[in-house]
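Visitor: So that we are looking at the same thing, I have put the structure below in structure tokens.
The values are calculated or read from the model by the stated rules, or taken from the named source; none is laboratory data. Computed from a predicted model, the values in this text were never measured in an experiment. In this analysis, Cβ positions are derived from the backbone assuming ideal geometry, glycine residues included, and neighbour counts consider all displayed protein chains. Calculation scope for accessible area: heavy atoms of the full protein, side chains included, ligands and nucleic acids excluded. Shrake-Rupley method; radii C 1.70, N 1.55, O 1.52, S 1.80 Å.
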Amino acid sequence: MSTREFLQEVGEFGLIHRIRKWISSSDPFLIQGIGDDVAVIKLGKKVLLVTTDILIEDIHFRRSWTKPYDLGRKALAVNLSDIASMGGTPKYFLISIGLPKNLPFSFISSFYRGLRKEAKEFQIELIGGDTSLSQRIVINLCLLGEGKEENILFRKGARVGDALFVTGTLGDAALGLKILQEGRKIQGSNRLIQKLLVPRPRIELGKALAKNHWATAMIDVSDGLLMDASHLLEESGVGACIWENRIPLSRSYQKWICSLSNDPILFALSGGEDYELLFTAPNEIEGKLSSLSRLFKIPITSIGKILPQKEGLQIIREDGKVYSPSQLGFEHFK
Ligand code: ADP
Ligand code: MG
């Protein structure tokens with residue numbers, strides 16, 4: 001490796017790829033280490049699920065945009081979403097916080113109120129953490145969950161011929177971020193901003209998919225549809241095509257996208273932080289998924305098809321033209 005290589009050339013995922021090569025484990029109880037949304041460890045008849053995510057001030061959030069209460073909820077929600085993507089049940093969490101000394105005490109008490117609200121909603125318990133001085137607010141959560149080994153859904157497992165499904169709508173959070181960044185007051189855009197500030201992890205839906213063995217592979221969409229789809233494809237060793245005009249867009253998205261961007265689909269393809277579930281399942285399951293969608297009142301949309309690996313990731317435009325995306329989505333350092 002060249003000593004003049006910098007992180008901005010390697011990128012977040014290039015770095016993780018290398019870390020994965022440096023660390024190889026032969027632990028017989030480790031079912032899944034680096035490379036999925038959570039680590040999976042065999043523990044008696046069950047599996048232990050472990051995930052961690054970090055939020056850094058001015059990288060992941062701005063104090064002027066988010067209430068500390070909502071930040072508390074989001075800190076937990078982004079981790080819950082990773083457990084949802086495995087079809088697991090969240091149980092316990094630890095939280096480490098780095099805080100500047102001039103932070104108003106009310107900020108941290110409101111933050112913990114938000115954390116408590118989210119923990120109560122998902123029936124999980126805070127069991128510890130760590131506290132330190134820091135120049136900016138840093139929040140790191142470690143969430144533990146459980147599941148039955150035979151039910152756990154991985155990024156690997158997609159098969160050629162499977163359909164590709166996504167829950168909810170895409171691009172809302174990225175459009176909400178754009179509105180905040182531009183500092184524009186847009187009437188009726190609150191839904192988009194809320195999706196960014198208080199994402200709703202799809203725990204129950206993820207569990208239902210896993211328990212019924214309907215999905216073959218699953219990931220949560222945190223870095224954008226194309227980026228997370230490419231992770232799922234890579235782990236499964238397959239390719240895919242996605243029809244642009246099938247991507248589910250909310251009414252708010254459709255209403256505001258044209259005044260905020262000249263590419264109507266870009267935010268839905270590459271915008272991060274939707275925390276929806278992206279999964280593959282055989283075509284025959286579509287009817288069952290419609291019932292599930294009605295039950296949970298969450299849209300489930302078939303957006304693509306799994307192809308052999310050599311086909312890569314292809315996007316089919318409304319006019320039928322096919323292209324391979326050059327930019328996938330958000331990546332730290334790049
Ligand atoms: P997600 O977006 O679902 O949180 P990431 O893209 O952050 O997943 O991480 C992908 C995989 O890489 C996960 O298995 C995660 O635990 C692992 N990972 C990320 N950063 C590091 C790191 N610095 N060292 C070791 N493993 C890491
Ligand atoms: Mg994830």
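Visitor: Do we find a residue being out of contact with any helix residue (DSSP H, G or I) (no Cβ under 6 Å at 6 or more places or on another chain) and within 29 Å of L278 (Cβ to Cβ) anywhere in region 131-141? Let's see the steps before the verdict.
Guide: Start the filter on region 131-141 by keeping residues that are out of contact with any helix residue (DSSP H, G or I) (no Cβ under 6 Å at 6 or more places or on another chain), which leaves 131-138, 140.
Filter once more, so that each one left must be within 29 Å of L278 (Cβ to Cβ): 138, 140.
Scanning region 131-141, I find at least one residue that is out of contact with any helix residue (DSSP H, G or I) (no Cβ under 6 Å at 6 or more places or on another chain) and within 29 Å of L278 (Cβ to Cβ), so the answer is yes.
Visitor: Same structure again: Name the residues in region 292-328 that are of a type outside the set (A, V, I, L, M, F, W, C), under 20 Å from L269 (Cα atoms) and surrounded by fewer than 12 Cβ atoms within 10 Å (Cβ to Cβ), would you? Walk me through it before giving the result.
Guide: Our first condition is that a residue be of a type outside the set (A, V, I, L, M, F, W, C); within region 292-328, this holds for 293-294, 297, 299, 301-302, 304-305, 308-312, 314, 317-321, 323-327.
Restricting the remaining residues to those that are under 20 Å from L269 (Cα atoms) gives 299, 301-302, 304-305, 311-312, 314, 317-321, 323-327.
Those that are of a type outside the set (A, V, I, L, M, F, W, C), under 20 Å from L269 (Cα atoms) and surrounded by fewer than 12 Cβ atoms within 10 Å (Cβ to Cβ): E318, D319, G320, K321, Y323, S324, S326.
Visitor: A further question follows. On the basis of being farther than 18 Å from F154 by Cα and away from ligand 2 (no atom under 16 Å from the Cβ), does I41 make the cut? It would help to see each step written out before you state the result.
Guide: Working: farther than 18 Å from F154 by Cα: no; away from ligand 2 (no atom under 16 Å from the Cβ): yes.
When the stated conditions are applied, I41 does not pass them.
Visitor: Another one. Please go through region 36-65 and pick out each residue that is over 19 Å from E331 (Cα atoms), surrounded by fewer than 19 Cβ atoms within 10 Å (Cβ to Cβ) and not small (G, A, S).
Guide: Hits for region 36-65 are I41, K42, L43, K45, K46, V50, R63, W65.
Visitor: Pull up region 13-32, narrow it to residues that are open to solvent by less than 80 Å² (accessible area, probe 1.4 Å) and under 24 Å from L328 (Cα atoms), then point me to the one that is farthest from ligand 2 (Cβ to nearest atom).
Guide: So the residue we want is R18.
Visitor: Can you tell me which residues in region 66-83 are over 14 Å from I193 (Cα atoms), open to solvent by 10 Å² or more (accessible area, probe 1.4 Å) and away from ligand 2 (no atom under 16 Å from the Cβ)?
Guide: The initial filter retains those residues of region 66-83 that are over 14 Å from I193 (Cα atoms), namely 68-69, 72-73, 75-83.
Now narrow it down to the ones that are open to solvent by 10 Å² or more (accessible area, probe 1.4 Å): 68-69, 73, 82.
Residues satisfying the conditions are P68, Y69, R73.
Visitor: Hey, among R155, R113, which residue is surrounded by 19 or more Cβ atoms within 10 Å (Cβ to Cβ) and in contact with a helix residue (DSSP H, G or I) (Cβ under 7 Å, 6 or more places away or on another chain)?
Guide: Numbers: R113 fails: surrounded by 19 or more Cβ atoms within 10 Å (Cβ to Cβ).
R155 is the lone residue from the list that is surrounded by 19 or more Cβ atoms within 10 Å (Cβ to Cβ) and in contact with a helix residue (DSSP H, G or I) (Cβ under 7 Å, 6 or more places away or on another chain).
Visitor: Test A240 against the criterion of being among the small types (G, A, S), open to solvent by less than 30 Å² (accessible area, probe 1.4 Å) and either within 15 Å of ligand 2 (Cβ to nearest atom) or more than 21 Å from V160 (Cα to Cα) (or both), and give yes or no. Break it down into steps so the answer makes sense when it comes.
Guide: Values: among the small types (G, A, S): yes; open to solvent by less than 30 Å² (accessible area, probe 1.4 Å): yes; either within 15 Å of ligand 2 (Cβ to nearest atom) or more than 21 Å from V160 (Cα to Cα) (or both): no.
Judged against the criteria, A240 is not a match.
Visitor: Quick one: in region 159-193, of everything that is part of a helix (DSSP H, G or I) and among the basic types (K, R), which residue is least open to solvent (accessible area, probe 1.4 Å)? Break it down into steps so the answer makes sense when it comes.
Guide: Of all residues in region 159-193, those part of a helix (DSSP H, G or I) come to 172-182, 190-193.
With the extra rule that they be among the basic types (K, R), the set shrinks to 178, 191.
Working: K178: 54, R191: 136 Å².
The qualifying residue least open to solvent (accessible area, probe 1.4 Å) is K178.
Visitor: Would you say K120 is away from ligand 1 (no atom under 15 Å from the Cβ) and either open to solvent by less than 70 Å² (accessible area, probe 1.4 Å) or outside any helix (DSSP H, G or I) (or both)?
Guide: On the way: away from ligand 1 (no atom under 15 Å from the Cβ): yes; either open to solvent by less than 70 Å² (accessible area, probe 1.4 Å) or outside any helix (DSSP H, G or I) (or both): no.
Considered against the rule, which asks whether it is away from ligand 1 (no atom under 15 Å from the Cβ) and either open to solvent by less than 70 Å² (accessible area, probe 1.4 Å) or outside any helix (DSSP H, G or I) (or both), K120 comes out as no.
Visitor: What's the number of the only condition in (1) under 21 Å from I137 (Cβ atoms); (2) surrounded by 14 or more Cβ atoms within 10 Å (Cβ to Cβ) that T89 fails to meet?
Guide: Of (1) under 21 Å from I137 (Cβ atoms); (2) surrounded by 14 or more Cβ atoms within 10 Å (Cβ to Cβ), only one is false for T89: (1).
Visitor: Something else about it: Scanning for something in contact with a strand residue (DSSP E or B) (Cβ under 7 Å, 6 or more places away or on another chain), open to solvent by less than 10 Å² (accessible area, probe 1.4 Å) and not small (G, A, S), does region 280-291 turn up at least one residue? Steps first, answer last, please.
Guide: As a first pass, look at region 280-291 and keep what is in contact with a strand residue (DSSP E or B) (Cβ under 7 Å, 6 or more places away or on another chain): 280-281, 283, 286, 289.
Still in the running and open to solvent by less than 10 Å² (accessible area, probe 1.4 Å): 280-281, 289.
Still in the running and not small (G, A, S): 280, 289.
Yes; the residues of region 280-291 include at least one that is in contact with a strand residue (DSSP E or B) (Cβ under 7 Å, 6 or more places away or on another chain), open to solvent by less than 10 Å² (accessible area, probe 1.4 Å) and not small (G, A, S).
Visitor: Would you point out the residue of region 251-290, among those that are of a type in the set (G, A, S) and farther than 21 Å from I219 by Cα, that is nearest to the chain's Cα centre (by Cα)? Please lay out each step first, then the result.
Guide: Residues of region 251-290 of a type in the set (G, A, S): 252, 259, 261, 268, 270-272, 281, 287, 290.
Still in the list and also farther than 21 Å from I219 by Cα: 252, 259, 261, 287.
Working: S252: 21, S259: 27, S261: 23, G287: 25 Å.
This residue is S252.
Visitor: For A240, indicate whether it is out of contact with any strand residue (DSSP E or B) (no Cβ under 6 Å at 6 or more places or on another chain) and either assigned to a strand (DSSP E or B) or away from ligand 1 (no atom under 14 Å from the Cβ) (or both).
Guide: Values: out of contact with any strand residue (DSSP E or B) (no Cβ under 6 Å at 6 or more places or on another chain): no; either assigned to a strand (DSSP E or B) or away from ligand 1 (no atom under 14 Å from the Cβ) (or both): yes.
Against the criterion (out of contact with any strand residue (DSSP E or B) (no Cβ under 6 Å at 6 or more places or on another chain) and either assigned to a strand (DSSP E or B) or away from ligand 1 (no atom under 14 Å from the Cβ) (or both)), A240 does not qualify.
Visitor: When residues of region 194-233 are filtered for being part of a helix (DSSP H, G or I), open to solvent by 10 Å² or more (accessible area, probe 1.4 Å) and farther than 21 Å from I247 by Cβ, how many remain?
Guide: Adding up the residues that qualify gives 5.
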